[in-house]
Amino acid sequence: MKKSLFLVLILIIQSVYSQIVSYDNSFAVNGKYAITAGANTSYPTKILQHTDENIYFTYARDNAVLSSPECVVSKLSPNGTLDSAFGNNGETVISNYFAGIDSQLAQQADGKLLIYGFNTEGSVITRLLSNGQVDATFGINGVSKIANVFTDFNGYGYGLYVQNNNIIIYGLSTDGQSNFYKAIYRLNNNGSIDHTFGNNGLIKTVGNYIFLDSQSNIVSLISDHSHTNAATLYPNGGLEKYSPDGQPLTSFGSNGTLALTIIREW
């Protein structure tokens, strides 16, 4: 039975890949758009496509004056050409971040773009209008800052979600030199902290990754012990689940928590 299932999976994979025969040559140049002009390829690019098929993306570009990368946001039309009407001749430079590697990109229902990164004090969220200009109604002159929220030790335990008309961000925080936890904040649509969320606007969890389920509940996955008390509370990993408003979802597990047991393979 196992061999038959394995062969079926192989055939499915072969069928899928056999359908990928070439690039769409009607897109950009021979099916590919090349990011140039000082792009730093050491850092990842974030890409999203709107329902109108326009494509937005961020990348890191070296800045000789700053001696560090800067975050650039650009827009492509559906056919892969740079939209020169977006920002300044097709791009908007986000100057609040000290590293392009940290940029995250999301789009609200009204078409506004959210870019999430970090400076030396903590998190920085910038909102752009659909034309690439900074949205001055968000935060202070388009920028909302939350201190003491950074990337984790591996540089991936942070993120940005759009929750209905609100904004969820998360990253690593500390109450002291070695007391680490994952901080989850919810922002109002104007960029201010929503103090009705969690405990005065904040959830503290020992999780590594944060997700939203289909009901906008917040799920925290605990998969290692890099955060304070994680090994004691969840020696084999676990899950914490919160309502959309940041309160423990008591119908899940034991009052909102689920400690995993050791899974043996036979």
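The values are calculated or read from the model by the stated rules, or taken from the named source; none is laboratory data. Because the structure is a prediction, the values reported are computed rather than measured. Don't worry about glycine lacking a Cβ; one is built from the backbone with ideal geometry, like all the others, and counts go over all protein chains shown. We work out accessible area using only protein heavy atoms, side chains counted, and drop any ligands, DNA or RNA first. Shrake-Rupley method; radii C 1.70, N 1.55, O 1.52, S 1.80 Å.
Structure summary
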item: Simple label model, 7 Å out from Cα along Cβ direction - Leu82 to Gln163, nm; result: 3.8
item: Of Glu70, Glu121, Glu91, the one that fluctuates the most in a GNM where the chain has Cα springs shorter than 10 Å; result: Glu121
item: Rough spin-label spacing in nm, given labels placed 7 Å along Cα→Cβ, for Thr45 and Asn179; result: 4.4
item: Cα-projected label distance for Leu258 with Phe211, points at 7 Å along beta-carbon direction, nm; result: 1.0
item: Hydrodynamic radius of the stretch 219-266 per Kirkwood, over alpha carbon pairs, in Å; result: 11.4
item: Gained length - Leu221 relative to Gln108, 0.36 nm times residue gap less alpha-carbon distance; result: 38.2 nm
item: Overall dimensions of the stretch 116-249 by Cα: Rg and Dmax, Å; result: 14.9, 49
item: Anisotropy class of the chain from Cα gyration tensor, a/c 1.5 cut; result: oblate
item: With every protein chain in place, the chain: carbon and sulfur % of accessible area (1.4 Å); result: 54
item: Ratio of Rg to Rh over the stretch 153-206 (Cα coordinates, Kirkwood Rh, two decimals); result: 1.00
item: Solvent exposure of the chain as accessible area per residue, Å², 1.4 Å probe; result: 55
item: Length gained when the stretch Asn190-Leu233 is fully extended (0.36 nm per residue, less Cα-Cα span); result: 11.9 nm
item: Residue pairs, from the table Lys32/Lys145; Lys32/Lys112; Lys75/Lys204; Lys46/Lys182; Lys32/Lys241, whose Cα atoms sit over 31 Å apart; result: Lys32/Lys145; Lys75/Lys204; Lys32/Lys241
